[in-house]
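Worksheet for the structure shown next.
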Amino acid sequence: MKFKNNIEVGVFVERPNRFNARVMLNGEEIVVHVPNTGRCREILKPNTKIILREELNPSRKTKYDLIAAYKDESKLINIDSQIPNKVVKEALQKRLIKELNDYEIIESEKFYGSSRFDFRLTNSLGEVYYLEVKGVTLEFNEKASFPDAPTERGTKHVLELIEAKKNGYGAGIMFLIQMEEVLSFTPNYIMDPKFGEVVKLAKKNDVDIYAYSCKVTEKSIEILKEIEVNL
């Protein structure tokens with residue numbers, strides 16, 4: 001997907017809280033919104049080159065969203081937490097996820113039990129598949145992992161997917177890696193061991209575990225290829 005709004009390049013200064021950051025843009029220090037409540041500490045460092053998207057909403061307190069940053073000056077990582085669902089939906093519509101090509105009806109934000117999953121897919125036979133998407137921004141030595149902060153909500157979603165599978169539905173987790181140069185994915189057992197263990201439990205219960213990298217530019221992001229998953 002291509003970003004329709006104006007894109008600017010700035011320099012990161014600091015992040016005083018989860019929602020805002022101070023950046024330099026055209027020689028002026030301004031406050032921008034950070035659309036990611038994760039820590040992103042390995043990405044958002046002082047003097048890092050960042051990408052800003054102008055938001056044309058007069059009721060907003062900030063004019064820009066900080067949507068991406070260059071890690072180690074060369075690896076561009078998209079950090080917008082609203083992007084993964086949009087990228088996956090586009091990929092589903094274009095039949096770019098081969099394992100899910102049989103599902104023709106794509107519905108967003110659908111409930112199963114007490115969880116609201118990102119997608120409910122239905123094929124011509126009426127078979128239903130629940131898909132949960134997790135955006136991944138954490139990377140080290142070309143290995144991606146999730147989460148970068150403990151996620152009780154994520155654990156709850158995985159347990160609900162296991163329940164859906166046991167009740168005869170298709171179920172899967174898509175880890176969308178918001179960068180290009182990665183070789184493999186693994187749950188972040190150090191940051192959230194409980195989440196890692198329930199992902200392994202999901203695999204044992206035949207819940208599908210996918211990981212896909214993305215091609216990221218300053219003005220676009222799209223799904224790229226499937227990545228090895230190590231549990």
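Only the coordinates and a few stated rules stand behind these numbers; no lab work does. Keep in mind that this is a model prediction, so the values were computed, not measured. Heads up, the Cβs are rebuilt from the backbone with ideal geometry, glycines too, and the neighbour counts pull from every protein chain shown.
Structure notes:
- Looking across Gly172, Gly168, Gly126, one residue alone is surrounded by 21 or more Cβ atoms within 10 Å (Cβ to Cβ) and out of contact with any Ser or Thr (no Cβ under 9 Å at 6 or more places or on another chain). It is Gly172.
- Here the condition is being of a type in the set (Phe, Trp, Tyr), closer than 17 Å to Val198 by Cα and touching an Asp or Glu at 6+ places or on another chain (Cβ under 9 Å); of Phe119, Phe185, it holds for Phe185 alone.
- On inspection, Ala164 fails the criterion of being under 25 Å from Arg95 (Cα atoms) and touching a helix residue (DSSP H, G or I) at 6+ places or on another chain (Cβ under 8 Å).
- Filter result (within 14 Å of Leu76 (Cα to Cα) and in a loop (DSSP other than H, G, I, E, B)) within the range 22-59: Cys40, Glu42, Ile43, Leu44, Lys45, Thr48
- Residue tally, condition surrounded by 13 or more Cβ atoms within 10 Å (Cβ to Cβ) and under 23 Å from Glu163 (Cβ atoms), over the range 206-217: 5
- Phe185 under 22 Å from Ala69 (Cβ atoms), crowded, with 22+ Cβ neighbours inside 10 Å and out of contact with any Leu (no Cβ under 9 Å at 6 or more places or on another chain): yes
- Candidate set: the range 100-120, residues that are within 20 Å of Ala202 (Cα to Cα) and over 19 Å from the mean Cα position of the chain (by Cα); chosen: the one surrounded by the fewest Cβ atoms within 10 Å (Cβ to Cβ): Ser114
- Residue match in the range 54-64 (condition: touching a residue at least 60 places away in the same chain (Cβ under 8 Å) and closer than 16 Å to Ser220 by Cβ): no
- Hey, Arg22 of a type outside the set (A, V, I, L, M), without any contact (Cβ under 8 Å) to a residue 12 or more places away in the chain and surrounded by 12 or more Cβ atoms within 10 Å (Cβ to Cβ) or not: yes
- Options Ile162, Ile173: the member that is within 20 Å of Lys110 (Cα to Cα), out of contact with any Cys (no Cβ under 6 Å at 6 or more places or on another chain) and part of a strand (DSSP E or B): Ile173
- Selection within the range 195-230 - in a loop (DSSP other than H, G, I, E, B), over 15 Å from Val133 (Cβ atoms) and in contact with a strand residue (DSSP E or B) (Cβ under 7 Å, 6 or more places away or on another chain): Glu218, Lys219, Asn230
- Filter result (basic (Lys, Arg) and out of contact with any helix residue (DSSP H, G or I) (no Cβ under 7 Å at 6 or more places or on another chain)) within the range 184-229: Lys200, Lys203, Lys204, Lys215, Lys219, Lys225
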